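The values are calculated or read from the model by the stated rules, or taken from the named source; none is laboratory data. All of these numbers come straight from a predicted model, not from anything done at the bench. A quick note on method: Cβ atoms are made from the backbone with ideal geometry, for glycine too, and the neighbour counts reach across all protein chains shown. The protein model used for the area step is the full one, side chains on, heavy atoms only, and it has no ligands, DNA or RNA in it. Shrake-Rupley method; radii C 1.70, N 1.55, O 1.52, S 1.80 Å.
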Amino acid sequence: MAPQLPSHYQRWGLSQATRLPDPDRRQPGAVDLSSDAEVKRYREQFSTLASLYPGTGDAQLGAILIDAHLAANAVGATAAARPEDTVIDPATGDLLIAFTAGGADREGRADPAIFSGPAGEPTWPHGWVMRLSESTASAGGFRWQMVAVGGLPWEGGMGFANPDNLEVDGAGNIWVVTDRSSGASPAEAFGNNSCWVLPRRGPARGEALCFATGPMECELTGPCFDSAEHTLFLAVQHPGEVHGSRRAQEVSRHTTALVDRDGAGFEQERWVPTGSNWPSGVPGRVPRPGIVAISRQTGGPLLP
């Protein structure tokens, strides 16, 4: 048992209690311990996971699995940043993980020692893609690195926000779809949710390239290829999530603060559709989710 101490977060000027299973084991739920002393007393009461979850066999294992989040807190697992999807890189065997956003909620806070912004920001709402590689130095060990950081380019990000689902093609290119909130927010600068590709090789290696943009107020999910990798399938979820059906030519004015390549700030004014009629495009018709297949008109691989 080695739960994270509240003082860990104080190094970043953060106040974060440690959430652990209720010490009255007759009660469900959790308690928030706001001081190191409280956590240390908790550890004295429960020195092992077995003492926290008494029992034997499947009954004990089942209790731990049902309580997985709190049990992980109790043993000191890394507090992550909304992991949404995993995929194996077929070229290397590495595990890729999409972390949608860092920060805090009532369940806890992502560990800023790992999940920080490009300039070390302890709260970074735009997400990451992480690569886990098996370590040859120790059995069961691994190494990690961030292969993509969401965010605005002038703040050190790669231009997308809130990676949600992943796919890796046979050449090792990573495909990312995003899921930012459809409501008004500071993330409005990112526009609609979209699909991005991170090239493994070539002059664009290390960049994120926008491949496709979704309809208004939707989330793109589930990227996958056919067996020949000539067609990419994307699921379009909840188009028109906020405003519903778009009436004839209805638009909203959006003004967004941006920064150009020379570092000068400016305001971009856009008139964007209010709601959606996807996929029909007929004004007033209810928007519907669906699956999109993307391929070249001439056939062949999507990427050269």
Open item on the list: Can you tell me which residue is nearest to Pro239 (Cα to Cα) among those in segment 262-304 that are outside any loop (DSSP other than H, G, I, E, B) and open to solvent by less than 50 Å² (accessible area, probe 1.4 Å)?
Closed with: Ser276
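Does Glu229 satisfy the criteria of being open to solvent by 50 Å² or more (accessible area, probe 1.4 Å) and closer than 30 Å to Ala91 by Cβ?
On the way: open to solvent by 50 Å² or more (accessible area, probe 1.4 Å): yes; closer than 30 Å to Ala91 by Cβ: yes.
For Glu229, the condition - open to solvent by 50 Å² or more (accessible area, probe 1.4 Å) and closer than 30 Å to Ala91 by Cβ - is met.
Being polar (S, T, N, Q), without any contact (Cβ under 8 Å) to a residue 24 or more places away in the chain and farther than 18 Å from Asp67 by Cβ is the filter here, so list the residues in segment 7-39 that pass it. Give the steps one after another, and end with the answer.
Applying the first criterion (polar (S, T, N, Q)) to segment 7-39 yields 7, 10, 15-16, 18, 27, 34-35.
Next cut, without any contact (Cβ under 8 Å) to a residue 24 or more places away in the chain only: 10, 15, 27.
Passing the criteria: Gln10, Ser15.
So is Gly103 touching a Pro at 6+ places or on another chain (Cβ under 8 Å) and free of Cβ contacts under 8 Å to residues at least 24 places away in the same chain or not?
On the way: touching a Pro at 6+ places or on another chain (Cβ under 8 Å): yes; free of Cβ contacts under 8 Å to residues at least 24 places away in the same chain: yes.
In short, yes.
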Task: Among residues of segment 1-15, those that are outside any helix (DSSP H, G or I) and either among the hydrophobic types (A, V, I, L, M, F, W, C) or open to solvent by 30 Å² or more (accessible area, probe 1.4 Å) (or both), counted - done: 9
- [ ] Select from segment 84-111 the residues that are surrounded by fewer than 19 Cβ atoms within 10 Å (Cβ to Cβ) and farther than 15 Å from Glu167 by Cα and write down the one among them that is nearest to the chain's Cα centre (by Cα).
- [x] Gly103
TODO: Considering each of Asp24, Asp32 in turn, give the residue that is assigned to a strand (DSSP E or B) and either open to solvent by 60 Å² or more (accessible area, probe 1.4 Å) or not hydrophobic (A, V, I, L, M, F, W, C) (or both).
DONE: Asp32
TODO: Return the residue satisfying two criteria in turn: it lies in segment 54-83 and is surrounded by 14 or more Cβ atoms within 10 Å (Cβ to Cβ) and charged (D, E, K, R), and of such residues it is nearest to the chain's Cα centre (by Cα).
DONE: Arg82
Open item on the list: Against the conditions (1) open to solvent by 30 Å² or more (accessible area, probe 1.4 Å); (2) acidic (Asp, Glu); (3) within 14 Å of the chain's Cα centre (by Cα), where does Asp164 fall short? Just the number, please.
Closed with: (1)
- [ ] Would you be able to tell me the number of residues in segment 112-157 that are among the aromatic types (Phe, Trp, Tyr), open to solvent by 30 Å² or more (accessible area, probe 1.4 Å) and closer than 21 Å to Gly191 by Cβ?
- [x] 1
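Before we move on, is Cys210 modelled with pLDDT of 95 or more, loosely packed, with under 15 Cβ neighbours inside 10 Å and either within 25 Å of the chain's Cα centre (by Cα) or over 18 Å from Asn192 (Cα atoms) (or both)?
On the way: modelled with pLDDT of 95 or more: yes; loosely packed, with under 15 Cβ neighbours inside 10 Å: yes; either within 25 Å of the chain's Cα centre (by Cα) or over 18 Å from Asn192 (Cα atoms) (or both): yes.
The answer is yes for Cys210.
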